[in-house]
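Working notes, beginning with the structure itself.
Laboratory data are not the source of any read-out in this text; all were calculated from the coordinates shown. The model shown is predicted, which means the values in this text are computed figures rather than measured ones. Heads up, the Cβs are rebuilt from the backbone with ideal geometry, glycines too, and the neighbour counts pull from every protein chain shown.
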């Protein structure tokens with residue numbers, strides 16, 4: 001959520017007059033909580049595949065949007081939405097094949113221990129529901145998250161999102177542990193270090209009379225700066241939270257749906273079976289749909305006592321959109337494409353950055369790649385200003401990425417999964433030009 | 001949320017074999033938190049206008065769904081969704097005319113004091129965001145709701161939803177007041193009684209060291225049993241919460257978007273300008289979209305400090321759906337239709353029930369009507385079993401309604417706003433048959 005490269009409304013920008021007027025109207029109508037990407041905001045009017053167009057007909061390579069994971073305006077998803085919306089759109093208090101078949105299909109991609117799926121509309125709602133079920137099932141309140149985590153924006157999950165900044169309140173029932181760190185911690189120590197930090201957080205929580213209900217993390221640690229490796233390093237922390245009577249919740253909103261190129265889910269990279277899995281963003285390619293998968297035992301009492309009804313969650317159109325996304329991922333071989341094109345892109349970026357003092361690391365999995373900008377290679381001091389310069393230079397050059405991490409210094413490259421190798425080469429050229437420019 | 005008339009999976013029902021199999025698969029895939037309407041659940045496959053069809057081609061008059069407020073599968077809404085989904089679906093960190101124009105149009109229907117709209121995806125998210133902004137802006141935590149209120153299912157707003165039952169935890173920062181009561185309280189005393197209860201709740205809260213941030217209510221008190229009258233009775237409570245330094249939040253998820261037949265919003269019935277307005281269900285006719293309108297001063301600090309980004313909230317497709325719904329309401333004169341057909345329906349139901357000992361009241365506004373079932377007219381003891389019998393009888397007879405209120409004894413009649421007078425007559429006949437039958 002770090003936005004050091006964001007648009008500053010008080011700084012003059014190179015905008016067409018209509019856009020300046022729209023920004024003013026937007027400020028009046030939507031208020032001060034909304035932010036725009038880039039020093040020169042983008043007014044987009046059309047999208048197709050990995051491409052976006054502005055009102056002047058200028059074309060941009062979208063290397064950042066993981067919502068439209070199977071490509072902007074994919075015709076099969078649009079067709080599925082239209083076909084179902086024309087016929088019926090009710091809710092889950094009537095019988096319908098849609099949510100049942102979709103839940104079955106999602107569960108088929110997951111370990112057998114996960115037996116039910118419940119549907120919500122946003123990643124925030126999915127994490128909020130997971131939290132309600134975990135706390136209710138265990139009769140415990142405590143949750144541990146990483147220091148720059150992002151899990152959503154409801155009151156309860158904004159507590160779990162320290163990347164939102166100090167303004168957002170966090171109660172004693174939420175504790176932080178350091179995220180992984182590829183520059184300062186040797187890979188083989190990553191797992192033990194995370195587990196040791198988790199043990200300390202649980203101890204501090206208990207000293208305040210709070211029992212740990214859950215350790216929740218994004219299984220590739222997107223907001224902490226993207227740390228997919230080494231494979232398996234999550235296991236000691238997961239073993240520990242379970243030994244202490246809590247559960248492990250895998251937040252798959254960012255790594256899920258084939259993003260990492262090897263599996264449907266990021267947790268599969270670690271050979272794990274989570275107690276709960278939350279899903280969102282790419283699930284409907286832009287149609288609002290999200291969900292929670294869980295071990296059946298966790299929801300038995302909650303299901304009987306609290307019930308749960310989400311008016312739009314799992315409605316027939318949402319399920320049609322979700323099914324179409326899974327069809328496209330399979331039919332177009334997008335796991336394989338993410339693995340292959342992502343692997344080649346990561347190698348090309350590593351080549352480009354090799355030996356540079358201002359880039360300390362290039363890492364990633366599938367089509368999710370991080371490039372870490374630093375002031376000097378040895379000290380590894382984060383250089384957020386440099387990352388912001390690069391992001392804005394690339395945007396002016398027609399390639400869209402962003403930056404993340406506690407220092408806002410980690411370039412976040414996360415294109416739709418349909419990216420081709422020739423399109424990846426355009427991205428590499430744009431980063432090369434930005435590195436040469438400043 | 002009371003579901004005394006719900007399907008009991010352990011009771012044999014008159015189902016086609018495929019439906020019994022689907023119910024079994026559904027229980028396995030979705031788990032125990034999901035409920036089905038009616039003793040004999042409905043497997044729906046098609047909808048159009050106020051009509052729904054099951055797989056056997058049987059037709060049902062939908063007199064309950066307020067999500068598809070402009071009619072099932074309205075072609076103009078489907079067309080707007082399709083047209084936008086084919087062209088672009090991104091989010092609010094790029095410039096786009098959609099959310100700006102839609103926010104401006106919503107604000108044009110509201111008092112001038114409300115200056116910004118923020119977009120979310122569900123009514124729960126809208127109320128959760130309103131709560132975050134209110135608490136942050138006022139530096140206070142306390143909220144007062146009615147005793148059978150429903151405001152959503154996130155952790156924070158489930159606290160504000162006592163109609164979910166005792167299983168759902170409620171902290172000391174939330175206090176309850178009795179909802180209105182048409183049978184036991186004379187209309188002219190309704191306003192003073194609500195304000196007196198609110199004063200007592202604020203006093204009790206303060207005795208525990210909690211300051212009141214907000215009084216939030218559904219402006220027609222849907223879950224408490226539907227109390228739209230007398231007009232203006234909300235004013236003393238609103239004056240009081242403001243005098244005590246808190247704000248008034250109007251939850252328009254149920255009464256909003258022309259449901260009451262006289263205005264866009266239920267609060268307009270009371271001649272009020274709320275400090276915040278939350279919107280949901282009918283906003284996109286089934287497309288997940290919701291929002292919060294607010295006095296600009298409330299969000300100034302939250303906007304700068306917390307920011308707010310909702311990935312799907314206010315995306316171009318959601319805004320296209322919302323705009324199309326407003327177009328249809330205006331083009332088809334649905335305010336006037338709700339007022340006229342709703343008025344005639346209420347009069348016909350009052351005629352039908354006049355002099356009956358088992359119906360104590362028929363009330364409502366526009367196309368939102370309540371029929372209160374009691375054991376005997378004088379004692380006014382709620383008869384939930386009678387209401388459940390009627391709801392299930394009407395369902396077998398091809399007309400869909402439900403029941404609400406603390407005793408589950410209040411028939412809730414809430415058809416799409418396109419209901420015609422001849423269709424309303426079918427509903428009256430079905431209720432007549434149910435009253436004669438048992």
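One table, with the values for the structure above:
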{"item": "Difference of contour (0.36 nm per residue) and Cα-Cα distance, residue B:76 to residue B:178", "result": "32.6 nm"}
{"item": "Where the Cα pairs of segment A:176-261 fall when distances are cut into 5 Å bins, in %", "result": "3, 14, 24, 25, 18, 11, 4, 1, 0"}
{"item": "Distance histogram in 5 Å bins (all Cα pairs of segment A:66-139, percent per bin)", "result": "3, 11, 13, 21, 25, 15, 7, 3, 1, 0"}
{"item": "Average beta carbon contacts from partner chains per residue of A:124-132, 10 Å cutoff", "result": "5"}
{"item": "Label point 7 Å beyond Cα along the C-beta direction, distances from residue A:243 to other copies (nm, shortest first)", "result": "6.1"}
{"item": "Computed E for residue A:104/residue B:104 - FRET, C-beta separation, R0 45 angstrom, nearest 0.05", "result": "0.55"}
{"item": "Length added when fully stretched, residue B:20-residue B:170, from 0.36 nm per residue minus Cα-Cα", "result": "50.3 nm"}
{"item": "Top of B:95, B:427, B:176 by mean-square fluctuation, Gaussian network on chain B, Cα under 10 Å", "result": "B:95"}
{"item": "Measure of compaction for segment B:367-414 (Cα Rg per 2.2 N^0.38 Å)", "result": "1.10"}
{"item": "Label-point gap, in nm, between residue A:352 and residue B:300 - each point 7 angstrom along Cα→Cβ", "result": "4.4"}
{"item": "For residue A:58, label point 7 Å along C-beta direction: distances to other copies, nm", "result": "6.1"}
{"item": "Cα-projected label distance for residue B:396 with residue B:229, points at 7 Å along beta-carbon direction, nm", "result": "3.4"}
{"item": "P(r) histogram, all alpha-carbon pairs of segment A:293-368 included - 5 Å bins from 0, percent", "result": "3, 12, 11, 11, 11, 11, 11, 10, 9, 7, 3, 1"}
{"item": "Quotient of Cα Rg and 2.2 N^0.38 Å for segment A:7-125, N being how many residues it contains", "result": "1.48"}
{"item": "Sequence of B:222, B:161, B:137, A:171 once ranked by neighbouring C-beta atoms within 10 Å, starting from the fewest", "result": "A:171, B:137, B:161, B:222"}
{"item": "DSSP beta bridge pairing in segment A:75-331, given as percent antiparallel to the nearest 5", "result": "35"}
{"item": "Two-site FRET efficiency, residue B:437 against residue B:46, from Cβ-Cβ distance with R₀ of 22 Å, rounded to 0.05", "result": "0.20"}
{"item": "Spherically averaged projected area of chain A from its Cα convex hull (nm²)", "result": "21.1"}
{"item": "Shortest-first distances to equivalent copies, position residue B:420, nm, label 7 Å out along Cβ", "result": "5.3"}
{"item": "Additional length obtainable on full extension of the chain from residue B:196 to residue B:381, 0.36 nm per residue less Cα span", "result": "64.1 nm"}
{"item": "Taking only Cα atoms of segment A:230-370, radius of gyration then Dmax in Å", "result": "18.2, 60"}
{"item": "Normalised convex hull volume, segment A:294-434, alpha-carbon set, Å³ per residue", "result": "180"}
{"item": "Globularity ratio of the protein assembly as shown, using Cα Rg and 2.2 N^0.38 Å", "result": "0.93"}
{"item": "A:341, B:77 arranged by Cβ crowding within 10 Å, fewest neighbours leading", "result": "A:341, B:77"}
{"item": "DSSP-defined antiparallel bridges as percent of all bridges, chain B, nearest 5", "result": "65"}
{"item": "Residue among A:408, A:55, A:179 with the largest mean-square fluctuation in a Gaussian network model of chain A, springs linking Cα atoms under 10 Å", "result": "A:55"}
{"item": "Max mean-square fluctuation residue, GNM over chain A, Cα-Cα springs under 10 Å, options A:72, A:91, A:151", "result": "A:91"}
{"item": "Order of B:265, A:264 - criterion: other Cβ atoms within 10 Å of each residue's Cβ, fewest first", "result": "A:264, B:265"}
{"item": "Debye log10 I(q)/I(0) at q = 0.11, 0.14, 0.17 Å⁻¹ for segment B:75-331, Cα point scatterers", "result": "-0.57, -0.92, -1.31"}
{"item": "Simple label model, 7 Å out from Cα along Cβ direction - residue A:189 to residue B:340, nm", "result": "7.9"}
